[in-house]
Every structure is written in structure tokens, then in C-alpha cells.
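**Student:** One structure follows; several queries about it will come next.
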Amino acid sequence: MTGEPRSRHVVVMGVSGSGKTTVARGISAVTGLTFVEADEFHSSENVALMRSGVPLDDSNRRPWLADIAGWITDRAAEGRSTVLACSALRRSYRDVLRQGASQVDFVHLHGPAEVIRERMARREGHYMPASLLESQLATLEPAAPDESVLVLDVSLAPEALVAAAVKGLGLPGPVPVGEHQDGAS
């Protein structure tokens, strides 16, 4: 995208319960990248489906992904770098998100289903039931060699995942107090 101020966009991806939001918030805190939770872009219909244990299909996901890509495009036009927590389970979904800016990298939090299932059982207040984990695992397409995806072991501590993501993607280090980029989303 020519004419766009230089910005970086990181999508922390993986199945529900893998720690996407925790790690993305951590990256934001360390680097100053603007954070957004992709779940906030879901329609009320999508949330109702998931809450009732019905997995989303591509027709449910398509408008959601387009909205997220639009948000990335807007931030890129402002020259603002971002970090998102988003499942991005399939290559085609990641391709839609890549349309939003010239540089979109992915951090895939990957690990044993048992570890993720245990985390899902412990969390409170999330509409995604643990019963949908199997459908997400079945939908997940590992990154192809031509994709910019850093794969990290979900069983590491959140602080270690944040540090590995920042280092692995060559993101800027800690931001001095008062110099965060994030502002209003």
C-alpha cells in the first residue's frame, strides 16, 4: 500500500483459550502498539451462536474478518501500529486480515488441546464454551511456509510468550512511560 505511513500490525492467533488476549495485551503494554480484541467485532448473532455452543462457519466469519481488516486499514492509514487478539484459524482468514496493511505478522499460540481445555475450564465470563474447542482445532490450518507466522508454545508463561513474540518479530522494546501509541481505538 503506497502512501501509507509505516506501521506494524501483529495478530496473536490460535484457538479459544490459548491465551491470545493475555499475550496481545502484554505485547501492547511492552511496545505501545494499539490493542484490540477481535471478539469485539463479532455481531450479536455470532455471539449468540457461540454462546449456545454452535460453531461459526465461513458465512458467519466473513463479515467479521472484513470489519477487522477495515480497522487495520484505518490504523495503518493513521500510521498507528496495532496488536490484535484474533483466532485467524484458516489461511483464508489470515489472508483477509493481511489485506488491511502492508505489514501484518502473526503469532500463533499453539499447544496441546489438554492445556487449552484446562484454561478454558478456569476462565470466567467468556461466551465461548469449552465444547467448541474441538471444532476450532478441526478448523485450524497451520501456517504455510510462505506466511509470516511465529509459532510459540502455549504452555509457556504469558510473560515468556510476550518476550518471545516481541523478540521474534523484532518489535520495539519497552516504551518509556507516557509515550504509548495507543490512544483511543
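Table: residues versus (1) under 16 Å from E141 (Cα atoms); (2) among the acidic types (D, E).
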| residue | (1), (2) |
| --- | --- |
| G17 | no, no |
| F41 | no, no |
| A48 | no, no |
| L56 | yes, no |
| P63 | no, no |
| D74 | no, yes |
| H108 | yes, no |
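**Student:** Condition first: among the β-branched types (V, I, T) and assigned to a strand (DSSP E or B). Now tell me which residues in the range 16-37 satisfy that.
**Tutor:** Step one: of the range 16-37, the residues among the β-branched types (V, I, T) are 21-23, 27, 30-31, 34, 36.
T34, V36 - these are the residues of the range 16-37 that are among the β-branched types (V, I, T) and assigned to a strand (DSSP E or B).
**Student:** Filter the range 70-80 down to the residues that are out of contact with any strand residue (DSSP E or B) (no Cβ under 9 Å at 6 or more places or on another chain) and not β-branched (V, I, T), then identify the one that is surrounded by the fewest Cβ atoms within 10 Å (Cβ to Cβ). It would help to see each step written out before you state the result.
**Tutor:** Within the range 70-80, the first condition is being out of contact with any strand residue (DSSP E or B) (no Cβ under 9 Å at 6 or more places or on another chain), and the residues that meet it are 70, 73-74, 77-79.
With not β-branched (V, I, T) added as a condition, the list becomes 70, 74, 77-79.
Numbers: G70: 13, D74: 13, A77: 15, E78: 15, G79: 11.
Going through the qualifying residues, I end up with G79.
**Student:** Determine whether the range 114-123 contains at least one residue that is surrounded by fewer than 19 Cβ atoms within 10 Å (Cβ to Cβ), modelled with pLDDT of 80 or more and out of contact with any Ser or Thr (no Cβ under 9 Å at 6 or more places or on another chain).
**Tutor:** Looking for residues that are surrounded by fewer than 19 Cβ atoms within 10 Å (Cβ to Cβ), modelled with pLDDT of 80 or more and out of contact with any Ser or Thr (no Cβ under 9 Å at 6 or more places or on another chain), one finds at least one in the range 114-123, hence yes.
**Student:** Looking at the range 1-43, which of its residues are at pLDDT 95 or above, small (G, A, S) and more than 17 Å from H108 (Cα to Cα)?
**Tutor:** Hit for the range 1-43 is A29, nothing else.
**Student:** For the list (1) buried (at least 23 other Cβ atoms within 10 Å of the Cβ); (2) of a type outside the set (V, I, T); (3) more than 14 Å from the chain's Cα centre (by Cα); (4) assigned to a loop (DSSP other than H, G, I, E, B), I need the number of the one condition that L56 fails.
**Tutor:** (1)
**Student:** Restricting to the range 156-171, count the residues that are open to solvent by less than 70 Å² (accessible area, probe 1.4 Å) and in a loop (DSSP other than H, G, I, E, B).
**Tutor:** We begin by selecting, within the range 156-171, every residue open to solvent by less than 70 Å² (accessible area, probe 1.4 Å); these are 157-158, 160-166, 168-171.
Within this subset, residues satisfying the condition of being in a loop (DSSP other than H, G, I, E, B) are 157, 170-171.
Within the range 156-171, residues that are open to solvent by less than 70 Å² (accessible area, probe 1.4 Å) and in a loop (DSSP other than H, G, I, E, B) number 3.
**Student:** Here is a follow-up. State yes or no: is G17 buried (at least 19 other Cβ atoms within 10 Å of the Cβ), out of contact with any helix residue (DSSP H, G or I) (no Cβ under 7 Å at 6 or more places or on another chain) and of a type in the set (G, A, S)? Give the derivation first.
**Tutor:** Numbers: buried (at least 19 other Cβ atoms within 10 Å of the Cβ): yes; out of contact with any helix residue (DSSP H, G or I) (no Cβ under 7 Å at 6 or more places or on another chain): no; of a type in the set (G, A, S): yes.
In short, no.
**Student:** Name the residues in the range 39-53 that are among the charged types (D, E, K, R) and surrounded by 16 or more Cβ atoms within 10 Å (Cβ to Cβ), would you?
**Tutor:** From the range 39-53, those among the charged types (D, E, K, R) are 39-40, 45, 51; that's our starting set.
D39 - this is the single residue of the range 39-53 that is among the charged types (D, E, K, R) and surrounded by 16 or more Cβ atoms within 10 Å (Cβ to Cβ).
**Student:** Tally up the residues in the range 72-88 that are touching a residue at least 60 places away in the same chain (Cβ under 8 Å) and part of a helix (DSSP H, G or I), please.
**Tutor:** Taking the range 72-88 first, the residues touching a residue at least 60 places away in the same chain (Cβ under 8 Å) are 72, 75-88.
Checking which are part of a helix (DSSP H, G or I) leaves us with 72, 75-78.
Counting residues in the range 72-88 that are touching a residue at least 60 places away in the same chain (Cβ under 8 Å) and part of a helix (DSSP H, G or I) gives 5.
**Student:** May I pose another question? So if I check each of S131, S135, which one is modelled with pLDDT under 85, among the polar types (S, T, N, Q) and open to solvent by 70 Å² or more (accessible area, probe 1.4 Å)? Before the answer, list the steps.
**Tutor:** On the way: S135 fails: open to solvent by 70 Å² or more (accessible area, probe 1.4 Å).
Being modelled with pLDDT under 85, among the polar types (S, T, N, Q) and open to solvent by 70 Å² or more (accessible area, probe 1.4 Å) holds for just one of S131, S135, which is S131.
**Student:** Let me ask something else about it. Taking interchain pairs and intrachain pairs at least six residues apart, which have beta carbon atoms under 7 angstrom, with the first residue in the range 146-162 and charged (D, E, K, R) and the second at pLDDT below 95 and not in a strand (DSSP E or B)?
**Tutor:** Short answer, once both residue conditions are applied: D153/G111.
The values are calculated or read from the model by the stated rules, or taken from the named source; none is laboratory data. In this text, all values refer to a predicted model and were calculated from it rather than measured experimentally. Positions of Cβ are generated from backbone atoms using ideal geometry, with glycine treated the same way; all protein chains shown enter the neighbour counts. Keep in mind that these areas ignore ligands, DNA and RNA; they rest on the heavy atoms of the full protein, side chains included. Shrake-Rupley method; radii C 1.70, N 1.55, O 1.52, S 1.80 Å.
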